[in-house]
Every structure is written in C-alpha cells, then in structure tokens.
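These notes are about the structure you will find just below.
The values are calculated or read from the model by the stated rules, or taken from the named source; none is laboratory data. These figures come from a predicted structure and were not determined experimentally. A quick note on method: Cβ atoms are made from the backbone with ideal geometry, for glycine too, and the neighbour counts reach across all protein chains shown. With ligands, DNA and RNA removed, areas are computed over all heavy atoms of the protein, side chains included. Shrake-Rupley method; radii C 1.70, N 1.55, O 1.52, S 1.80 Å.
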Amino acid sequence: MSINPELQGRSYRLGEIYSVGRESIRDFARAVKAGNEAHFDVAAARALGHADLVAPPTYAIIVAQRADALLINDPDSGIDFSRVVHAEQRFTHHRAIVAGDELLAELHVDTVRGMGGGAMITTRAEISTVDGAAVATTVSAILVRGEGQ
C-alpha cells in the first residue's frame, strides 16, 4: 500500500490526558543523562521558580509520540511502521513541563511529499494543558521507505 497523499491537512487529537509524574520525569532524565537537579529534587526545581520537578526539554516527545501513533495506526494512512526512518525532530517550548501537568496533544499532518516509492511526512504536534494553555510544539519528519528501498 502506498502513502495516502490525502493525509496532508489531517489532524489527530489525543483522546486521553497524559499526566506528568515525578518518577516519569526522573526516569526520563536518567535515560537522557540530564543532570540538572531540578529534574530530580523538588526543592531545586522550586528554587528555580517551578511548581514541581521540571522535565528535560525533550520530554515533550513522550506526549507527541502518543499523538504520532494515531497517524501511524490509521489504516487509511498507508504507513507501514517497519519502513519508517525518523528524519528530523524539533521542539519549541512555550513553557516548561512540570510534574503535575495534565497534557493533551493534537497532531497535524503538514506535508506529504512523494519520494520514489515512499514519502516524506512532516507533522506538528501542539501540546497543551487541559485548559488549553500552550506548552510545546514538536515538528517531526519521517521518511516512509517504499518497496525495495
């Protein structure tokens, strides 16, 4: 199955709330070797003006990838995940993610460009709090390799 060019312009809203927990932040910080004490110690985070532990900047990927999965798993997309190569990822932070945040995401398919037998797909995930405050925007490009590539 080839990539559906009509994906461009579609949006996918994450239906479930992602609750940011202290241990999740600590585990992620350890995994990415982020050493700032504000990721591990509440007092250190509060000393920097945060309400609770602050997540490393790339933590937003956890929420964004949940929204990405809606696109990948859409049977109408034509995407075979075994053929996906991650090409690019960018983050724009509107404010820090902290423990206790309840986040939602909406994924927008910004471009679908055919490349040989495959396609380059650029998406943008808008991450916000449940009350609508902007938290982060992630932009991702994936290459879906065609047959024989």
Among the residues of segment 14-26, is there at least one that is assigned to a helix (DSSP H, G or I) and closer than 20 Å to T138 by Cα?
yes
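With the condition kept exactly as written, say whether any residue in segment 33-43 is of a type in the set (A, V, I, L, M, F, W, C) and open to solvent by 30 Å² or more (accessible area, probe 1.4 Å).
As a first pass, look at segment 33-43 and keep what is of a type in the set (A, V, I, L, M, F, W, C): 34, 38, 40, 42-43.
Still in the running and open to solvent by 30 Å² or more (accessible area, probe 1.4 Å): 40, 43.
Yes, because at least one residue in segment 33-43 is of a type in the set (A, V, I, L, M, F, W, C) and open to solvent by 30 Å² or more (accessible area, probe 1.4 Å).
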Going through (1) over 19 Å from A125 (Cβ atoms); (2) among the charged types (D, E, K, R); (3) surrounded by fewer than 16 Cβ atoms within 10 Å (Cβ to Cβ) one by one, R22 fails only at (3)
Just give me the residues in segment 70-80 being at pLDDT 90 or above and not charged (D, E, K, R), in sequence order.
L70, L71, I72, N73, P75, S77, I79
Just to be sure, is A60 part of a helix (DSSP H, G or I) and over 30 Å from N4 (Cβ atoms)?
no
Looking at H39, H86, H108, H50, can you tell me which residue is in contact (Cβ under 8 Å) with a residue 24 or more places away in the chain and farther than 30 Å from N4 by Cβ?
H50
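Here's the yes/no breakdown for (1) assigned to a helix (DSSP H, G or I); (2) acidic (D, E); (3) under 17 Å from R145 (Cβ atoms); (4) open to solvent by 40 Å² or more (accessible area, probe 1.4 Å):
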| residue | (1), (2), (3), (4) |
| --- | --- |
| R66 | yes, no, no, yes |
| P75 | no, no, no, yes |
| G78 | no, no, yes, no |
| F91 | no, no, no, yes |
| E106 | no, yes, no, yes |
| D110 | no, yes, no, yes |
| A125 | no, no, no, no |
For segment 99-106, indicate whether the set of residues that are more than 16 Å from the chain's Cα centre (by Cα), within 23 Å of A29 (Cβ to Cβ) and not basic (K, R) is non-empty.
yes
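Rundown of residues vs (1) closer than 20 Å to T129 by Cα; (2) β-branched (V, I, T); (3) modelled with pLDDT under 95, yes/no style:
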residue: R13; (1), (2), (3): yes, no, no
residue: S19; (1), (2), (3): yes, no, no
residue: V32; (1), (2), (3): no, yes, no
residue: F40; (1), (2), (3): no, no, no
residue: A51; (1), (2), (3): yes, no, no
residue: I62; (1), (2), (3): yes, yes, no
residue: A87; (1), (2), (3): no, no, yes
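Provide a single number: the residues in segment 112-123 that are open to solvent by less than 60 Å² (accessible area, probe 1.4 Å) and either in contact with an Asp or Glu (Cβ under 6 Å, 6 or more places away or on another chain) or small (G, A, S) (or both).
Residues of segment 112-123 open to solvent by less than 60 Å² (accessible area, probe 1.4 Å): 112, 117-123.
Right, trim to either in contact with an Asp or Glu (Cβ under 6 Å, 6 or more places away or on another chain) or small (G, A, S) (or both) and you get 117-119, 122.
Residues meeting the conditions: 4.
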